[in-house]
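Engineer: If you scroll down you'll find the structure; I have some questions about it.
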Amino acid sequence: MPNLKLFVAPNTCARVPTIALEEIGIPFETELVRTAANQQNSPEFLKLNPKGKVPTLLIDGVPLTENVAILSWLDAEFPDARLLPKTSDSYERFQQIADLSFFSATVHPTVTRVAMPLKFIEDKDLSFEIVRPVGITAMNKIMDMVEARLSGGPWWYGAEWSIVDGYLYWAWSRITGVGYPDDNYPKLRRHFALSNERPAVQRAMEREAVNVDILKAEGLYIAPR
Ligand SMILES: N[C@@H](CCC(=O)N[C@@H](CS)C(=O)NCC(=O)O)C(=O)O
């Protein structure tokens, strides 16, 4: 069993591999990165991940970065957890990689525009008046597509939960957490409710809550707004 340490920060996409690890059910440690103190760009952290980002997974002390790689590695190492539907068909396998890549490369940057517009323009008024609306328009197209996809069952792949649903859970919670209107998306609301019932999701959120408390005590918590 490899020794696993995941570098995380609350509300970030590091929630997705945290859910994956909880679904697998193996022992792992998380280490809080204080992004408000720019710890992700400290010399120590940059040695592990020169991109200065969470998640970063240390596997027996060796770093693996990027959600698509981390989630694919976890699925390959722990196939019984069924993080992705089992398949021996290479097209289906690469379609799964395409799905993870869609969340990493298209959904995630749009989430950032909606949930963290200040990342793009430091002027607060401009970021909320220009960047967020642009993000919401792009997000509507994405979520219209996802809502249609969920007609085939409660989860991304129909009847079977997968870590793609963990990615969707994170994206949806980030955008609705800052007021993205959910009225037109009953299937996404159901997806979120069902996700919240999963014990692994609950354990991941408990881990995150502990880190939120630490950051609040240190005056380093950035609340979503
Ligand atoms: N493509 C990367 C994106 C990672 C990423 O953007 N992480 C954000 C949190 S969601 C981060 O670490 N931000 C800190 C920063 O940009 O300073 C992945 O999917 O793992």
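The values are calculated or read from the model by the stated rules, or taken from the named source; none is laboratory data. Note that this is a predicted model, so its numbers are computed, not measured. Virtual Cβ from ideal backbone geometry, glycine too; neighbours counted across all protein chains shown. In case anyone asks, the SASA skips ligands and DNA or RNA and just uses the protein heavy atoms, side chains included. Shrake-Rupley method; radii C 1.70, N 1.55, O 1.52, S 1.80 Å.
Engineer: Hey, could you pull the Cα Rg and Dmax for the chain, both in Å?
Structural biologist: Gyration radius and largest Cα-Cα distance of the chain: 17.3, 51 Å.
Engineer: Contact order normalised by length for the stretch 92-133, with contacts defined as Cα pairs under 8 Å and 6 or more residues apart; what percent is it?
Structural biologist: Worked out over the stretch 92-133, it gives 28 percent.
Engineer: Please list, in order along the stretch 219-225, the HN-Hα scalar couplings obtained from phi with the Karplus expression 6.51 cos²θ - 1.76 cosθ + 1.60 (θ = phi - 60°), rounded to whole Hz, x for Gly and Pro.
Structural biologist: x, 10, 8, 9, 6, x, 8
Engineer: Still on this structure, please answer the following. What is the antiparallel percent of DSSP beta bridges lying wholly in the stretch 1-158, to the nearest 5?
Structural biologist: DSSP beta bridges in the stretch 1-158 are roughly 70 percent antiparallel.
Engineer: Here is a follow-up. Over the heavy atoms of HIS108, what accessible area does a 1.4 Å probe trace out, to the nearest 10 Å²?
Structural biologist: Counting only protein heavy atoms, HIS108 exposes about 50 Å² to solvent.
Engineer: Given H placed 1.01 Å from N in the peptide plane, which residues other than close sequence neighbours of THR30 have an amide H under 5 Å from its amide H?
Structural biologist: Close amide H contacts, sequence-distant or interchain: LEU6.
Engineer: What per residue convex hull volume, in Å³, do the alpha-carbon atoms of the stretch 1-92 yield?
Structural biologist: It comes to 102 Å³ per residue, whole-number rounded.
Engineer: In whole Hz, what ³J(HN,Hα) sequence does the stretch 39-48 give by Karplus (6.51, -1.76, 1.60; θ = phi - 60°), x for Gly and Pro?
Structural biologist: Once θ is set to phi - 60°, the couplings for the stretch 39-48 become 4, 5, 10, 6, x, 5, 6, 4, 5, 7 Hz.
Engineer: Continuing with the same structure: If I model the stretch 90-198 as equal point scatterers sitting on the Cα atoms and use the Debye formula, what is log10 I(q)/I(0) at q = 0.09, 0.11, 0.14, 0.19 Å⁻¹?
Structural biologist: Debye output, listed in q order: -0.24, -0.36, -0.56, -0.96.
Engineer: In the chain, with Lys and Arg counted as +1 and Asp and Glu as -1 at Cβ, which of these residues, TYR169, PRO17, THR137, has the Cα nearest the positive end of the dipole, that is, farthest along it?
Structural biologist: After comparing all options, I get THR137.
Engineer: How long are the three semi-axes of the equivalent ellipsoid for the stretch 41-160, computed from the Cα gyration tensor as the root of 5 times each eigenvalue, in whole Å, largest first?
Structural biologist: Values for the stretch 41-160, descending: 29, 25, 9 Å.
Engineer: Using a Cα-Cα cut-off of under 23 Å, which lysines could be cross-linked to LYS124, ignoring same-chain neighbours fewer than 8 residues away?
Structural biologist: Cross-link targets: LYS216.
Engineer: Can you tell me which aspartates and glutamates have their Cα less than 17 Å from the Cα of LYS86? Leave out same-chain residues fewer than eight positions away.
Structural biologist: Of all the aspartates and glutamates, those that pass the test against LYS86 - Cα under 17 Å, at least 8 places apart if same chain - are GLU23, ASP75, GLU77, ASP99, GLU160, ASP165.
Engineer: Another one. Taking Cα pairs under 8 Å and at least six residues apart, what relative contact order does the stretch 1-103 come out at, in percent?
Structural biologist: 29
Engineer: Take every DSSP beta bridge whose two residues both sit in the stretch 6-71, then give the antiparallel share in percent to the nearest 5.
Structural biologist: Here the antiparallel bridges make up roughly 65 percent for the stretch 6-71.
Engineer: Summing Lys, Arg as +1 and Asp, Glu as -1, what charge do residues with Cβ under 11 Å from the Cβ of PRO117 carry, PRO117 excluded?
Structural biologist: +1
Engineer: Could you work out the relative contact order of the stretch 90-198? I mean the mean sequence separation of Cα pairs under 8 Å and 6+ apart, divided by the number of residues, in percent.
Structural biologist: The normalised contact order for the stretch 90-198 reaches 26 percent.
Engineer: Compute the distance from the alpha-carbon center of the stretch 4-22 to that of the stretch 58-76, in whole Å.
Structural biologist: Between the Cα centres of the stretch 4-22 and the stretch 58-76 lies a distance of 11 Å.
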